[in-house]
Amino acid sequence: MSYLYHWMTIQTSVSLRTSGIRIARCLVQHQQTVKYKVFETVDFGSILLSLGIPNHVYCEAAVRWVVSSEETTTWSITQEVLLFLFYYFQHSSNGLISTLGSLQIIPKSLVTILHHPDLPLDTSLQSVSVINIFLSRLISLDRQSTFVSVLLQEGILPSLSFLCQKHQSDQFTHESNKLFNLI
């Protein structure tokens, strides 16, 4: 599995990166079929670097996405990464979820996606679903405090409120309400 992650770096072409992420997602999604230690070999740095807004880079100082001609991500890559993370968090062992819960980069990366004002509904929905599944797993292990603190510090509540008004989708509002209740 680790050889797939060189396909997912920012320098890799979009088609190769998308292929690598799809293969990784399939391996995680079908973990019972694939006899490989997928969960312990994931390079979260490579995965999270692929999570972005097309043709933008995130400016932490300004807390917003800035247009960049150098960035070459596409929505399909962002959506594949989100699907991978969803299945990964859903199927990982409790021990691994507990360990990942202490990494601030995970909630920070997920919230920064929600800061984009033109985020499509499907990507918004996937982002909130990933946060919900991971936070639900952390709550079941009583390990949610760091994750929730980072979500709040990074401004998830105003972003969710904005996106609920923007999308006016019952499904997105439902997922957002689930997240509000978990927080």
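Readers should treat all values here as calculations from the given coordinates under stated rules, not as data from a laboratory. Computed from a predicted structure; not experimentally measured.
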In nanometres, the difference between 0.36 nm per residue of separation and the alpha-carbon distance of Thr146 and Ser102 is 15.2 nm
Taking Cα pairs closer than 8 Å and at least 6 residues apart, the relative contact order of segment 67-183 in percent is 33 percent
Full extension between Asp122 and Ser161 adds, at 0.36 nm per residue less the Cα distance, a length in nm of 12.4 nm
Length gained, Asn177-Ser136, 0.36 nm per residue minus C-alpha separation, equals 13.4 nm
